[in-house]
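Peer 1: The following block contains the structure, expressed as structure tokens.
The values are calculated or read from the model by the stated rules, or taken from the named source; none is laboratory data. Please read all numbers here as calculations on a predicted model, not as lab measurements. Here the Cβ positions follow ideal geometry from the backbone for every residue, glycine too, while neighbour counts run over all protein chains shown. We work out accessible area using only protein heavy atoms, side chains counted, and drop any ligands, DNA or RNA first. Shrake-Rupley method; radii C 1.70, N 1.55, O 1.52, S 1.80 Å.
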Amino acid sequence: MAARPGVVRRAIKKILIANRGEISCRVSHTARKLGIKTVAIFSEADRHAKHVSMADESICVGPTLSSKSYLNVPNILQAIRDTGAEAVHPGYGFLSENSKFAAACEADGIEFIGPSVHAIEAMGDKIQSKLIARDAGVHCIPGFIGILDTQDEILRVANEIGYPVMIKASAGGGGKGMRIAYNDKEAVEGYRMSREEAKASFGDDRLFVEKFIEEPRHIEIQLIADKHGNIVYLPERECSIQRRNQKVLEEAPSPFITPEVRKRMGEQAVALAAKVGYHSAGTVEFLVDKHRQHYFLEMNTRLQVEHPVTELVSGLDLVEQMIRVAEGQPLAFTQDQVTIRGWALESRVYAEDPLRGFLPSTGRLEKYVEPTTEGVRLSLEETEPAVAASGLVRCDSGVREWADITMHYDPMISKLITHGADRAAAISLMRVALDTYVIDGLAHNVNFLREMMDHPRFLSGAIDTKLIEHEFISKGGYTGYKPSDSQQRDLLAVAGAVQWKLADLATAAHDAAPAALPLVLTLLGSSHRVTVSPGASPAVLDVAGADGWRRSLAVRQWGLGSSSVFRALAHADDGSRRALDVQVIDRGLLSAVFQYNGTKFTVGALSPEQAHLAQYMPEPVESSLANCLVSPMPGVLLSLAVAKGDKVVMGQELAVVEAMKMQNILRAPCDAVVSDLAKSPGDTLAVDDIILEFEAPEAAAASA
Amino acid sequence: MAPANTWKLATTCAMQPIRLVQQLLVRHSAGSHTAAAPRVLARFGIGAALAAAPAPVAARQLVTCASTNAARGATSRRSLASMAAEVVDDDEDETHTLPAQQQLTPKLIARRRVHELEQQALNGGGAERIATQHARGKLTARERISLLLDSGSFRETDMIKAHRGSDFGMDKKRFAGDGVVTGQGKVFGRTVFVCSQDFTVLGGSLSETHAEKICKVMDRAMLVGAPLICLNDSGGARIQEGIASLAGYAEVFQRNVLASGVIPQISVIMGPCAGGAVYSPALTDFTFMVRDSSYMFVTGPEVVRAVTNEDVTAEALGGAQTHSRVSGVCHGAFDNELEAMAGIRRLLSFLPQSNRHKAPVLRSLDPRERANLDCLDSVVPDDPNQPYDMRAIVERIIDDGELVEIQPEYARNIITGFARMEGRTVGIVANQPRELAGCLDIDSSVKAARFVRFCDCFEIPLVTLVDMPGFLPGTVQEYNGLIRHGAKLLFAYAEATVPKVTVITRKAYGGGYITMSSKHLRGDANYAWPSAEIAVMGAKGAAEIIARGKDKDQATREYETKFANPIMAAERGFVDGLLRPSDTRRVICEDLELLQGKQLKNPAKKHANMPL
């Protein structure tokens, strides 16, 4: 492609990555591939984080709080100087769209791997960006472009556009300061609310109004531009599956876009980028209505979270492209060389609990094993050989086993991406990838993501940005996966096979595989008598239910020892066969916990003798200390983090006990209300001394 | 008070809960079984009448009991109750038809008598007492055996042995089996010997013959070399026999002692265990209890009240909670009998048959080199005063994360337990920085010492993980003999000749450093993580002494720089090497493989004089 004279070309030898987590790891990965040294920055809390170990060098830029570390421009600039980095990659979030930081880098002679200060500023303001877009001939949402200061103006403009309208904060983002109004009354109310919210959230209460698009899809165009004026748009990303304006699933290409629409959107995106003299990677976001009419939303002047789906269908490494552009190199390909290869799908895996209104969860990743391409291929090679042969799995994460997910930073654990020949293949791969993704220790949304992979509207491609709200939230929230009878039998067969293997391993000294193993398995409150017996060949087990069902499992992996994933090819009595990937999470004396289709199930496993005698076992009695927080050790109560009457959530800090000069944080064992404080700071504690009491669960439920 | 008296009182106390159950039963059988209540309330006067009740009667009562339980319990149990009914129906079908009355010959009479006695032995104390036992969440002696052993493997000894006493009307209360079921069977295909006391027969009381039965299987276990498991559920000595029953205990104790270190001996307390009866479990290697249905004490609450004026319940005095958390008498508590029997099976899977056998080697699915251990490299916090969970480290190093802890609730500042490395049993001893900073105190020293000695007896290699700031200071500790008790662990490690692998993860200070399987105590492979601090004492304390009157902070920093690391220990060879934490599993596996050929003998002696 054409090179523009006057553009300085220089090879970058060391990059400081001004970010944390998965995107820092992601940038390190490409930099290493290109032979460029990397510097990671970290806050005091992140000293041992994965992103630090991925880089060649690392440097602390401040305390835990983001505003004092990852957003601390002077410290980061100092870190760049101290480490001699020549360029800085901002990732996404934090300083990625901070024009002041980009300007400071420029002033220091440091290459900011991203667009120019001008482009960041021009696209950073929602109103200004719309004006530029309109000038560039980009199709915009009908509305008033400009600031509205009074209620009367809002009403006038809203009536001109025609309801429904959306009132938005100029500085807005993440759904804050946004209100939909279907009539004058709602417009007045929305004006007041948005203004207050915008003021509180952004310190900027300027508002504007635009047409509200019903059943909208969120589809965006990734582009890459060099410093020589070459701009290429890449296949679109469909990001319509959102929850409260946060993307949950993304895919490329969109199941909805025709080549004509793609071309139209792409060309308009390029026009906009050209208008602001854009270079580096950028994304132009559009809303697309049911008539496939697109409307400009905004332009993101950074690498986006969901960039991997574009990478997989375009075959490009976008971070590499950004670095090349920053080095002053012209793009090595032209628009007509861009093709769409297959289909990519991304799931955002969050530390949140879908069963509790998607509340963020914190804690330690006690067990953490990412799915792999080899593993997923192994599972699918019998049932879907074509999908297995060409399928790819990619997991972009910034964590590893034993990492702590804290409330200080983003609760995203990883992005799980699959790539197949078509949409159905990508979905098949995603199912297995989710099923073999071992995450234990905190609540996560794999159950919900897995449910989405079987959701009829998602499967048909009939999606819009309100899908989760309509299909789940408005129906009382996500209530969990309910396995069918056949699925329950699959799980029972797996549980039986695992028990057989454990019995086999325990008697290994005699080298005789156990003959038929009769078991009574309990699942979801009902008992099932099954017999597990060795099948025709060594790794085949037949599981027969007393009520007539059968499963034959060709086991490839037992889920014991180094791997927690049980893999088998299951033949059912109805002639159907499928790959079963079930995680063995925990094994007790009389039961085991499995994760099946993203959801944990406890399966009781008793011998017939045990099952017969189980009737005499007393019901477990809740200890009288169940409603109390007791000191686990002798020591001194240093502090209490709660007061009488406080509502606490599971995992919340309640008290700190110092014993042997060590500070031990005691956390809430469950959601509860503190009913009484038995000790105060400074008190000496013996083991099992009651520190505070919770309301009895019934009372708490009644008051809720 | 004379011992005999004490025991008698203890036995009386032990009977206390039975009254509760009797009341329960009265309510329970208010419907169709009104006749049962007075019989039960007549305490042990049930005699042969009910025990010999025809099988169908017993069956019906079992079914009634089962369905009542199920109705009261969760609906999910309904299917289990109906299963019980099926099983009982089977029994009914199997009722034997006896030879015709008219052709009675002496042979036939004997055969019939044998059949009757066997039926009596199988029926234990009879349906009503069995129902009482079940109502308390307890199983019968035979049911427990069926849970403990591989299905169908039990072979009984002395099934119809009966007592010879005649005083106090005992000649009218003779039961085939005499209150204890004994024999042998298999656990995961390996032989074990079992004694299971039957509370439904004369309260499981120990008579001369009852003791003889136990002694017989103990002798056989010793002869062939196989573990012995005693399931205790007994009201105590059979006082009607006087000194004869007392002598029975003594015979058992003597055998417990001689078997110690030869075969693994495990006691499970599944009901009352009071007075002299407690000493057999105390002499065995491990004592387990069942929560809420078992208790052990030398003297019961009534004697305690009379002698010391203390008002205490049986549960508080000697329940599972007390003994597993406070006294350390109990090595593990289970929620119910089902779990208890499954737990004992699991424990046995780690143990050798005897000191003449090697511990079983199981096929392991966990490779020596595993991918997910990088997290160990950053597990030890930078701040030396910040705790972390040593158990989580242990679980990552061992096979499959399966650690069977011994005394998990007692002296939690030290972890002891069995695990496997590449399928071979190891004994794990590890300081737990989460509790009391992992220091050694009286309780943790004694807990670990006994565990180390068990492993040494049975050739189980020891893997020790050290993060220990020293022995716990204070008058409580010193007055109670920390010196004496701390010496037990030192003695145990120094005496042990099994393979010993030690990894210092963080603090190893002072005498505690030496004690925790150090190089100086014949440690075979001693390693330190980079985070290790090995020194004679903590920097602050050392600075107090070194820098009297001078700049203490400066001295502290100097001392820290010089000694709060593993370098000096490595330079002297006190550790064999510095170990990257993520390599720990692999290195320990390699060492254990190497050390299989270890040969080390202590000087010949009668026995050492361990500080007790």
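Peer 1: Would you list, by chain and number, the aspartates and glutamates whose Cα falls below 15 Å from the Cα of B:Lys172, excluding same-chain residues fewer than 8 positions away?
Peer 2: Partners found: B:Glu241.
Peer 1: Report the antiparallel proportion of the DSSP beta bridges in the protein assembly as shown as a percent, rounded to a multiple of 5. Show your work: numbers first, answer last.
Peer 2: On the way: 148 of 203 bridges.
The antiparallel fraction comes to roughly 75 percent.
Peer 1: Let me ask something additional. Give me the orientation-averaged projected area of the Cα convex hull of the stretch A:440-549, in nm², one decimal. Display every interim value, and only then the final one.
Peer 2: Details: hull surface 42.3 nm².
The directionally averaged projection comes out at 10.6 nm².
Peer 1: If you place +1 on the Cβ of every Lys and Arg and -1 on the Cβ of every Asp and Glu, how big does the dipole about the Cα centre of the stretch A:173-272 come out, in debye to the nearest 20?
Peer 2: Numbers: 17 positive and 18 negative charges, 38 e Å.
Dipole magnitude for the stretch A:173-272 comes out near 180 debye.
Peer 1: Two decimals is fine: what is log10 I(q)/I(0) at q = 0.14, 0.21, 0.23, 0.25 Å⁻¹ for the stretch A:204-284, from a Debye sum with one equal scatterer on every Cα and no solvent?
Peer 2: -0.58, -1.03, -1.09, -1.13
Peer 1: Along the three principal axes, how long is the stretch B:124-348 when you take its alpha carbons, biggest first, rounded to the nearest angstrom?
Peer 2: 50, 42, 36
Peer 1: Same structure, new question: Net charge around A:Lys100, counting only other residues with Cβ within less than 12 Å of its Cβ (Lys, Arg = +1; Asp, Glu = -1)? Intermediate results must be reported in sequence, preceding the final value.
Peer 2: Details: positive: none; negative: A:Glu97, A:Glu106, A:Glu121.
Taking every other residue near A:Lys100 into account, the sum is -3.
Peer 1: Just the number, please: carbon plus sulfur as a percent of the accessible area of chain A, 1.4 Å probe, no ligands or DNA/RNA counted. Don't skip to the end; give the middle numbers.
Peer 2: Details: 14310 of 27730 Å².
Answer for chain A is 52 percent, counting heavy atoms of protein chains only.
Peer 1: Note the per residue figure in Å³ for the convex hull of the C-alpha positions in the stretch A:28-178. The partial results should precede the final answer.
Peer 2: Details: hull volume 24.3 nm³, N = 151.
Given the Cα convex hull of the stretch A:28-178, per-residue volume reads 161 Å³.
Peer 1: Please state, as a whole number in µm²/s, the translational diffusion coefficient that the Stokes-Einstein equation yields for the stretch B:507-612 at 10 °C and 1.306 mPa s, with Rh defined as the Kirkwood radius across alpha carbon pairs.
Peer 2: Value of D from the Cα-based Kirkwood radius: 98 µm²/s.
Peer 1: Using every alpha carbon pair in the stretch A:343-473, what percent of pairs falls into each 5 Å bin from 0 up to the bin containing the largest distance?
Peer 2: 2, 11, 20, 22, 19, 14, 10, 3, 0
Peer 1: Moving on to the next point. Which of A:Ala544, B:Val217, B:Ile442 sits closest to the plus end of the dipole of the protein assembly as shown, meaning its Cα is farthest towards the positive end, when Lys and Arg get +1 and Asp and Glu get -1 on the C-beta?
Peer 2: My answer, from the dipole projection, is B:Val217.
Peer 1: Compute the normalised compactness of chain A: alpha-carbon radius of gyration over 2.2 N^0.38 Å, N being the residue count. Each step should come with its number before you reach the end.
Peer 2: Numbers: Rg = 28.3 Å, N = 704, 2.2 N^0.38 = 26.6 Å.
Compactness ratio reported: 1.06.
Peer 1: Need one value for B:357-367: mean number of C-beta atoms belonging to other chains within 10 Å of its residues' C-beta atoms. Could you put the intermediate results ahead of the total?
Peer 2: Values: counts 0, 0, 0, 5, 2, 6, 8, 5, 9, 4, 3.
That average works out to 4.
Peer 1: Follow-up question, since we're still on this one. Does anything in the stretch B:158-175 have its amide N under 20 Å from the 7 Å Cα→Cβ label point of B:Asp219, and if so which residues?
Peer 2: Correct set: B:158-165.
Peer 1: Right, here's the next one. Modelled label-to-label distance, B:Val307 and B:Arg356, 7 Å Cα→beta-carbon offset: nm?
Peer 2: For B:Val307 paired with B:Arg356, the spin-label model returns 4.2 nm.
Peer 1: With +1 on the Cβ of every Lys and Arg and -1 on the Cβ of every Asp and Glu, and nothing else charged, how large is the dipole of the protein assembly as shown about its Cα centre, in debye rounded to the nearest 20? Write out the running numbers ahead of the final one.
Peer 2: Values: 145 positive and 158 negative charges, 531 e Å.
For the protein assembly as shown, the charge dipole is close to 2540 debye.
Peer 1: Before anything else, pin down the relative contact order of chain A: Cα pairs under 8 Å, at least 6 apart, normalised by residue count, whole percent. Could the numbers behind the result be given before it?
Peer 2: On the way: 1569 pairs, mean separation 62.4, N = 704.
Worked out over chain A, it gives 9 percent.
Peer 1: Among the lysines, which have Cα under 30 Å from the Cα of A:Lys501 when same-chain residues fewer than 8 positions away are ignored?
Peer 2: Straight-line reach from A:Lys501, under 30 Å: A:Lys367, A:Lys482, A:Lys600, B:Lys186, B:Lys358.
Peer 1: Oh, and also: I need two numbers for the stretch A:142-212: Rg to one decimal and Dmax as a whole number, Cα atoms only, in Å.
Peer 2: 10.4, 29
Peer 1: Give me a single rounded figure for B:373-382: the average over its residues of other chain Cβ atoms within 10 Å of their Cβ.
Peer 2: Working: counts 2, 5, 10, 2, 3, 9, 2, 0, 2, 3.
Per residue, the number of nearby Cβ atoms from other chains is 4 on average.
Peer 1: Further, regarding this structure: Quick one: Debye curve from the alpha-carbon atoms of the protein assembly as shown only, equal weights, vacuum; give me log10 I(q)/I(0) at q = 0.04, 0.08, 0.09 Å⁻¹ to two decimals.
Peer 2: Listed by q, the Debye log ratios stand at -0.30, -1.07, -1.27.
Peer 1: I would also like to ask the following. Regarding the stretch B:356-395, what whole-number volume in Å³ per residue does the convex hull of its Cα atoms give?
Peer 2: Numbers: hull volume 4.7 nm³, N = 40.
Here the figure is 118 Å³ per residue.
Peer 1: The stretch A:485-614: D in µm²/s via Stokes-Einstein (Kirkwood Rh, Cα pairs, 4 °C, 1.567 mPa s)? Walk me through the numbers on the way to the answer.
Peer 2: Details: Rh = 14.5 Å.
The calculation lands on 89 µm²/s.
Peer 1: Something else now. Along the charge dipole of chain A, pointing to its positive end and built from +1/-1 on Cβ of Lys, Arg, Asp and Glu, which listed residue (A:Gln321, A:Phe42, A:Phe594) has its Cα farthest out?
Peer 2: A:Gln321
Peer 1: On to the next question. Per 5 Å bin, what is the whole-percent P(r) computed from every C-alpha pair distance within the stretch B:154-279?
Peer 2: Per 5 Å bin, starting at zero, the Cα-Cα P(r) for the stretch B:154-279 comes out as 2, 12, 23, 25, 20, 12, 5, 2, 0 percent.
Peer 1: Among the residues of the stretch B:389-403, which ones have their accessible area go down by 10 Å² or more when all the protein chains sit together, as opposed to their chain alone (1.4 Å probe)?
Peer 2: B:Ala392, B:Arg396, B:Asp400, B:Glu402
Peer 1: Same structure, new question: In Å² (nearest 100), what accessible area is buried between B and A, both sides summed, heavy protein atoms only, 1.4 Å probe?
Peer 2: 5000
Peer 1: When only Cα pairs under 8 Å and 6 or more residues apart are kept, what is the percent relative contact order across the stretch A:343-473? Provide the component values of the computation, followed by the final result.
Peer 2: Values: 239 pairs, mean separation 46.9, N = 131.
Contact order relative to length: 36 percent.
Peer 1: So, with +1 on the Cβ of K and R and -1 on the Cβ of D and E, and no other charges, what is the size of the charge dipole of the stretch A:14-113 about its Cα centre, to the nearest 20 debye?
Peer 2: 260
Peer 1: Okay, moving on. Within 10 Å, count the other beta carbons around each residue, average over each peptide in B:313-324, B:296-307, B:224-235, and list them highest first. Provide the component values of the computation, followed by the final result.
Peer 2: Numbers: B:313-324: 20.4, B:296-307: 18.7, B:224-235: 24.5.
Peptide ranking by packing, descending: B:224-235, B:313-324, B:296-307.
Peer 1: Mind listing the Cα extents of the stretch B:251-297 along all three principal axes, in Å, largest one first?
Peer 2: Computed over the stretch B:251-297, the largest-to-smallest principal extents equal 32, 19, 10 Å.
Peer 1: Shielding of A:604-612 by partners, i.e. mean partner chain Cβ atoms within 10 Å per residue?
Peer 2: Values: counts 1, 0, 4, 6, 4, 11, 7, 6, 12.
Per-residue shielding by partner chains comes out at 6.
Peer 1: Let me ask something additional. For the stretch B:428-492, would you read off the P(r) tail past 20 Å as a percentage of all alpha carbon pairs?
Peer 2: Working: 539 of 2080 pairs.
Value for the stretch B:428-492 (Cα pairs over 20 Å): 26 percent.
Peer 1: A further question follows. Can you give me the Rg/Rh ratio for the stretch A:14-113, using Cα atoms for both radii and the Kirkwood formula for Rh?
Peer 2: On the way: Rg = 11.8 Å, Rh = 12.9 Å.
So for the stretch A:14-113, dividing Rg by the Kirkwood Rh gives 0.92.
Peer 1: Ok, one more. Using alpha-carbon positions, what is the distance between the centroids of the stretch A:38-63 and the stretch A:330-351, in Å?
Peer 2: Centre-to-centre distance over Cα atoms comes out at 29 Å.
Peer 1: Right, next: Residues of the protein assembly as shown: accessible area per residue at 1.4 Å, in Å²?
Peer 2: 41
Peer 1: What helices in chain A pass both tests, a Cα length along the helix axis of 20 Å or more and a mean Kyte hydropathy of -1.0 or higher, using whole DSSP H runs? Could the numbers behind the result be given before it?
Peer 2: On the way: long enough: A:184-202 (26 Å, -1.23); A:259-275 (24 Å, -0.47); A:485-506 (31 Å, 0.05).
Once both thresholds are applied, what remains is A:259-275, A:485-506.
Peer 1: Could I ask something else about it? Sort B:560-570, B:485-495 by the packing proxy (mean of other Cβ within 10 Å over each peptide's residues), most packed first. Write down the numbers at each step before the final one.
Peer 2: On the way: B:560-570: 17.8, B:485-495: 21.5.
The densest-packed peptide leads the list: B:485-495, B:560-570.
Peer 1: Using Cα-Cα distances under 8 Å and only pairs 6 or more residues apart, what relative contact order does the stretch B:124-348 have, in percent?
Peer 2: Numbers: 476 pairs, mean separation 36.7, N = 225.
Computed over the stretch B:124-348, the figure is 16 percent.
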